[in-house]
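All of the numbers you see were taken from the coordinates with simple rules; none came from a lab. All values derive from a computational prediction rather than experimental measurement. All Cβ positions, glycine included, derive from the backbone under ideal geometry; neighbour counts span all protein chains shown.
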Amino acid sequence: MDFSEQELAVLGDQRFFILKKAVTDKLDRLFADNKERWSDVIQTWNLPPLRIDTARGKIFRGENYRGFPYTLMDFPRHFSQEYVFALRTMCWWGHEFSLTLHVQGSAFDFYKDRLEDRLNRLMKSGILYCVADQPWEYHLETSNYQPLEELSLKAAIQKSEELRFIKLARTWPLDQVEGFDTFSLETVRVLGEFLK
C-alpha cells in the first residue's frame, strides 16, 4: 500500500494529536459546565412520569460519525425500547454544534396532545424538525432536517404521530464557540416551550 507524502506527514505529526486531545478536553468541560447551567431550567420542564435521568447525564466521544469525530452529551436522558427522552448536545468536528430534543415511544405519547400548539410556540426560533423515517441520524441534510417554519405542520405532525417520535434541533457554528454557552441555554429554554 502506497502512502502519499501528505498522508505520511499527517501520520507523523504529533502536534495534531496533542491539539485534538486539548480540544476534546475543553469540549468535555464546556458540556459539563453547560449541564450545570441548565439544571434549573430543566427542573421547570414538564417531563413525562417516566424514568429520566435529570441529574447525571452522560458525555461520550466517538471517532466516526459519517467519517468525522464527535463529542456528545445526553442530558437529560433515557434510552430504552419503550421510550426515548433525551436532549443531545453534539459537537461534530468539521461541521457544527447541535442541540437535539429526541422524544419517542411512550415519552412521545405524553406530548402528542396539542402537538400543533406546541410546535407553533417554536416558530421563528430557528428550530429544525426531523423529517426522516428513523430517528438515529444527526446530520443536517434536507433528507433529515428541515426548518420548522417551512413545513406543513399538519403533514409533519401526522408523520410524527405515525412514527411515534419527534426530534427538534438547533445548530451553532464551531468558529463561534465563545457564544455557545448563551446559545445553548437559550435553546434549552426554547425547547422547554415545546414541553409545556
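When you go through Thr71, Thr89 one by one, which is the residue that is more than 13 Å from Lys35 (Cα to Cα), part of a strand (DSSP E or B), in contact with a strand residue (DSSP E or B) (Cβ under 6 Å, 6 or more places away or on another chain) and polar (S, T, N, Q)? Residue meeting the stated conditions: Thr71.
Among residues that are crowded, with 20+ Cβ neighbours inside 10 Å and of a type outside the set (D, E, K, R), Ala86 is included. Residue-level analysis places Gly57 among those that are on the phi > 0 side of the Ramachandran plot and surrounded by 15 or more Cβ atoms within 10 Å (Cβ to Cβ). Residues that are out of contact with any strand residue (DSSP E or B) (no Cβ under 9 Å at 6 or more places or on another chain) and free of Cβ contacts under 8 Å to residues at least 60 places away in the same chain within the stretch 109-129 comprise Asp113, Arg114, Glu116, Asp117, Asn120, Met123, Lys124, listed in sequence order. Residues of the stretch 145-184 that are part of a helix (DSSP H, G or I), in contact (Cβ under 8 Å) with a residue 12 or more places away in the chain and not aliphatic (A, V, I, L, M): Glu149, Lys154, Lys159, Ser160, Glu161, Phe180, Asp181, Phe183, Ser184.
One residue alone among Thr100, Thr44, Thr142 is among the hydroxyl-bearing types (Ser, Thr, Tyr) and in contact with a helix residue (DSSP H, G or I) (Cβ under 7 Å, 6 or more places away or on another chain), and that residue is Thr44. Sort out which residues of the stretch 106-132 are part of a loop (DSSP other than H, G, I, E, B) and out of contact with any Lys or Arg (no Cβ under 8 Å at 6 or more places or on another chain), and write them in order of number. Across the stretch 106-132, the qualifying residues are Lys112, Asp113, Arg114, Leu122, Met123, Lys124, Ala132. If you check Leu30 against the conditions, is it over 23 Å from Lys112 (Cβ atoms) and surrounded by 10 or more Cβ atoms within 10 Å (Cβ to Cβ)? So Leu30 fits the description; yes. The single condition among (1) β-branched (Val, Ile, Thr); (2) under 27 Å from Ile157 (Cβ atoms); (3) not in a strand (DSSP E or B) that Val103 does not satisfy is (3).
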